Amino acid sequence: MVEKEAQMNGGSTEEGRPVKKVDLDTILVEELGQFGWFQLRMLAMTVLVVIFAAWAAGEYIFTTARIPTRCLIPECEAAGTQQFRPDWILNAVPPSGSSFDQCSRFANTSMPRSDVCPAEWFDRSRVVPCETFVYENTHTVVYDYNLACDEWRRTLIGSVRTFGTLFALPITGFISDRWGRRVALCVNIFNTAWLGIVRYWAGTYVGFLVSEVIEATFGSGGFSCAYILLMELMGPKFRVVAGATMNTCFSLGQISLGLIAWGVPNWRNLTLTLYVPMLITISYYWFVSESIRWYMSKGRYDESEAVLKEVARINKKTLSDKSLQLLRENAEEEKRIKALEEKEKEKEPWLIVQVFRHKVILARVLTSPVWWITTTFIYYGMSINSVNMSGNRYLNYVAVSAVEIPGYWTAVLLMGRIGRKPVLIGSFWICAACQIGYIFMPDGMYGVSLTLYLIGKYSIAMVMTSIYVYTAELYPTKYRHSLFAFSSMMGRIGSIVAPLTPAFGKAVWDDLPFALFAGFALLSGALVFVTPETLGTKLPDTMEEAVELSNKKKVVS
């Protein structure tokens, strides 16, 4: 009995023999391997889920994309028989850049009908909005629901979809904690598949809108489920690399989405092409192992040990019975400690009270959400606006998605060498400089404009990777999850507003989205100066230790 108490407390027996505390990370490092064949197989299976998640997250960019339009000119053509660019079009429609206006026409002075359509039939001093539209193609819902120049209703689809993801996280978290990570993964990806397929038959704008928000609410948690499943089985040494790999695969999913949309431009056919293959992931319930940590948290030790033995078999490692026993005892001890902490927590002041008592922490709580809002606003906004740039919209999207990959890995490389703050400040401000350069770039310089755009996306991808690490390091262990979640949840504001940026540009100024991106990036980069560098510091456990980070009292880990 004395020996068991010593084992649980990581101390020593009466005989003075040291007893090592054994948790899952210890077993992964010392016995099973931090990254073996089992983890590689899990990575391969989660990669497919991540690619599918990227398809679902970005499909609206193409299914709701703008279609070039013009006014129907009844004096010169009959409905259903018109050409999109007839020779006489500039007689009846105002010029716009190298083309013609998509939403207005010259007022008519007479009502004859002719194939010639001379300029004298129109009052060029008076421009009126279109009554009926002619579409260049029928590829997107803009044609089906007659959205033409209605940018607000068109872009609202993306915002409503993103709003649905706000509810996806708590729903997925409840399912994951109650029935397991594997169940949550399968539920999310299966809901994504069948709800996406149902959208093929959406006959009205409202029906399409509802299908998007329902799919996002009950299916967009697939990425987080896959991420947690993989991270809970990966050794500590490989978790950062595995996280960057998951982000890389998400970008690969976006790249493949752009190429598929290029090959299948009609939105209904594209919907089936993207969502039908996702149905195969229902088989994951039988092929993916449940999380060992979840089994242990529920006291289902026999099942967790069965998975551990399977990991050992596939990784060709030996797992000792003693380690399994110590792991079980340690899990029980951690439960007991957690229960005591919960009781102690009831006596503590509310978290918001503690934050206001520590002004340094309050400053971080007010600052970090701004970084997150900026990051999601620019990251998603640049992806969405890439399809409205000059050139091939599909290749633009592919290029903007591809440049994220070196951004993720550059951040991983630099954060451990020059620090978190220089990476974040530099990335924010380089992104801002690119936005400003893009605004003032003369027309016709497509190559230079695209290069600036890509550097801007590369920079915000670096921020996207860095902000996860840096935000977590600023807060104490006891409240890290709550304060991190607050920043992340506030970041959803940026991703909800981002789809509306094309409408902002159409209504106010074409380059307004990029001016907003630049302004937010400059502000966020400046706000990084008010927080401490965390490279080479021990993760703080208490509010006091977190405050000490700002006093430069670092403890090298």
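What's the number of the condition G407 fails, among (1) open to solvent by 10 Å² or more (accessible area, probe 1.4 Å); (2) within 18 Å of V469 (Cβ to Cβ); (3) over 14 Å from the mean Cα position of the chain (by Cα)?
That leaves (1) as the condition not met.
Return the pair list, or none, for Cβ contacts closer than 9 Å from residues in the stretch 143-160 that are touching a residue at least 40 places away in the same chain (Cβ under 8 Å) and under 12 Å from V210 (Cα atoms) to residues that are in a helix (DSSP H, G or I) and among the acidic types (D, E), at least 6 apart or on different chains.
I157/E212; G158/E212; V160/E212
If we keep just the residues of the stretch 453-472 that are open to solvent by 30 Å² or more (accessible area, probe 1.4 Å) and either within 16 Å of the chain's Cα centre (by Cα) or in contact (Cβ under 8 Å) with a residue 60 or more places away in the chain (or both), which is farthest from A546 (Cα to Cα)?
So, considering only residues that are open to solvent by 30 Å² or more (accessible area, probe 1.4 Å) and either within 16 Å of the chain's Cα centre (by Cα) or in contact (Cβ under 8 Å) with a residue 60 or more places away in the chain (or both), the one farthest from A546 (Cα to Cα) is Y458.
Touching a helix residue (DSSP H, G or I) at 6+ places or on another chain (Cβ under 7 Å) and open to solvent by 10 Å² or more (accessible area, probe 1.4 Å): is that true of M389 in this structure?
yes
Mind listing just one residue for me: the one in the stretch 235-269 that is of a type in the set (A, V, I, L, M), more than 30 Å from E30 (Cβ to Cβ) and open to solvent by less than 10 Å² (accessible area, probe 1.4 Å) and, of those, farthest from the chain's Cα centre (by Cα)?
Looking at the filtered set, the residue picked out is A261.
The rows are residues; the columns are (1) modelled with pLDDT under 90; (2) open to solvent by 60 Å² or more (accessible area, probe 1.4 Å); (3) closer than 21 Å to Y135 by Cβ; (4) not hydrophobic (A, V, I, L, M, F, W, C).
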site: Q83; (1), (2), (3), (4): yes, yes, yes, yes
site: L90; (1), (2), (3), (4): no, yes, yes, no
site: V93; (1), (2), (3), (4): no, no, yes, no
site: A119; (1), (2), (3), (4): yes, no, no, no
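Just checking, how many residues over the stretch 418-448 are open to solvent by 20 Å² or more (accessible area, probe 1.4 Å) and either under 15 Å from A515 (Cα atoms) or in contact with an Asp or Glu (Cβ under 7 Å, 6 or more places away or on another chain) (or both)?
Result for the stretch 418-448: 11.
Quick check on this structure: which one of V497, V547 is out of contact with any Gly (no Cβ under 6 Å at 6 or more places or on another chain), of a type in the set (V, I, T), within 23 Å of R480 (Cβ to Cβ) and touching a residue at least 24 places away in the same chain (Cβ under 8 Å)?
Numbers: V497 fails: within 23 Å of R480 (Cβ to Cβ).
Result: V547 is the single residue among V497, V547 that is out of contact with any Gly (no Cβ under 6 Å at 6 or more places or on another chain), of a type in the set (V, I, T), within 23 Å of R480 (Cβ to Cβ) and touching a residue at least 24 places away in the same chain (Cβ under 8 Å).
List the pairs whose first member sits in the stretch 507-531 and is without any contact (Cβ under 8 Å) to a residue 24 or more places away in the chain, whose second member is in a helix (DSSP H, G or I) and open to solvent by less than 70 Å² (accessible area, probe 1.4 Å), and whose Cβ atoms are under 7 Å apart, counting only residues at least 6 apart or on separate chains?
If the second residue must be in a helix (DSSP H, G or I) and open to solvent by less than 70 Å² (accessible area, probe 1.4 Å), the pairs left are L512/F504; L512/G505.
Is it fair to say V128 is open to solvent by 30 Å² or more (accessible area, probe 1.4 Å), within 30 Å of P74 (Cβ to Cβ) and aliphatic (A, V, I, L, M)?
So V128 passes the test.
Could you check, for the stretch 327-338, whether at least one of its residues is under 18 Å from L43 (Cβ atoms) and more than 24 Å from the chain's Cα centre (by Cα)?
We begin by selecting, within the stretch 327-338, every residue under 18 Å from L43 (Cβ atoms); these are none.
Scanning the stretch 327-338, I find no residue that is under 18 Å from L43 (Cβ atoms) and more than 24 Å from the chain's Cα centre (by Cα), so the answer is no.
Answer yes or no as to whether Y380 is touching a helix residue (DSSP H, G or I) at 6+ places or on another chain (Cβ under 9 Å), at pLDDT below 95, crowded, with 21+ Cβ neighbours inside 10 Å and within 17 Å of A54 (Cβ to Cβ). Quick ask: steps written out before the conclusion?
Values: touching a helix residue (DSSP H, G or I) at 6+ places or on another chain (Cβ under 9 Å): yes; at pLDDT below 95: no; crowded, with 21+ Cβ neighbours inside 10 Å: yes; within 17 Å of A54 (Cβ to Cβ): yes.
Spelling it out, it is not the case that Y380 is touching a helix residue (DSSP H, G or I) at 6+ places or on another chain (Cβ under 9 Å), at pLDDT below 95, crowded, with 21+ Cβ neighbours inside 10 Å and within 17 Å of A54 (Cβ to Cβ).
Within the stretch 526-543, work out how many residues are closer than 15 Å to R480 by Cβ and of a type in the set (F, W, Y).
Here the count works out to 0.
Could you grab me the full set of residues in the stretch 306-364 that are of a type in the set (D, E) and not in a loop (DSSP other than H, G, I, E, B)?
Step one: of the stretch 306-364, the residues of a type in the set (D, E) are 310, 321, 329, 332-334, 341-342, 344, 346, 348.
Correct list: E310, D321, E329, E332, E333, E334, E341, E342, E344, E346.
If we keep just the residues of the stretch 174-231 that are among the polar types (S, T, N, Q) and outside any helix (DSSP H, G or I), which is surrounded by the most Cβ atoms within 10 Å (Cβ to Cβ)?
Out of the qualifying residues, it is S220.
Determine the pairs where a residue that is outside any helix (DSSP H, G or I), located within the stretch 253-281, has a partner that is not charged (D, E, K, R) with Cβ atoms under 6 Å apart, the partner being 6 or more residues away or on another chain.
What qualifies is V264/L270; V264/T273; P265/H139; N266/H139.
Could you grab the pairs with beta carbons closer than 9 Å, sequence gap of 6+ or different chains, first residue in the stretch 389-406 and in contact (Cβ under 8 Å) with a residue 12 or more places away in the chain, second one charged (D, E, K, R) and open to solvent by less than 30 Å² (accessible area, probe 1.4 Å)?
A399/K457; V400/K457; S401/K457; V403/K457; E404/K457
If I filter the stretch 112-131 for residues that are part of a loop (DSSP other than H, G, I, E, B), in contact (Cβ under 8 Å) with a residue 60 or more places away in the chain and under 28 Å from V508 (Cβ atoms), do I get at least one hit? If you could, list the steps in order and put the result at the bottom.
Here is the first cut: in the stretch 112-131, the residues part of a loop (DSSP other than H, G, I, E, B) are 112-118, 130-131.
Add one more test, that the residue is in contact (Cβ under 8 Å) with a residue 60 or more places away in the chain, and what stays is 130-131.
Now drop any that are not under 28 Å from V508 (Cβ atoms), which leaves 130-131.
Looking for residues that are part of a loop (DSSP other than H, G, I, E, B), in contact (Cβ under 8 Å) with a residue 60 or more places away in the chain and under 28 Å from V508 (Cβ atoms), one finds at least one in the stretch 112-131, hence yes.
Pairs under 7 Å by beta carbon, first residue under 17 Å from S291 (Cα atoms) and in contact (Cβ under 8 Å) with a residue 40 or more places away in the chain in the stretch 163-189, partner among the charged types (D, E, K, R) and crowded, with 16+ Cβ neighbours inside 10 Å, six or more apart or different chains?
Matching pairs, first to second residue: G180/E290; R181/E290; R182/E290.
Can you confirm whether the stretch 218-240 contains a residue that is in contact with a helix residue (DSSP H, G or I) (Cβ under 7 Å, 6 or more places away or on another chain) and more than 27 Å from S297 (Cα to Cα)?
no
Taking the stretch 488-517, which residues are over 18 Å from T367 (Cα atoms) and open to solvent by 60 Å² or more (accessible area, probe 1.4 Å)?
K506, A507, V508, W509, D510
The values are calculated or read from the model by the stated rules, or taken from the named source; none is laboratory data. Keep in mind that what you see is a predicted model, and the values were worked out from it rather than measured. Counting neighbours? That spans all protein chains shown, and the Cβs are built from the backbone with ideal geometry, glycine included. Ligands, DNA and RNA are stripped out before the accessible areas are found, and what is left, the full protein with its side chains, is counted by its heavy atoms. Shrake-Rupley method; radii C 1.70, N 1.55, O 1.52, S 1.80 Å.
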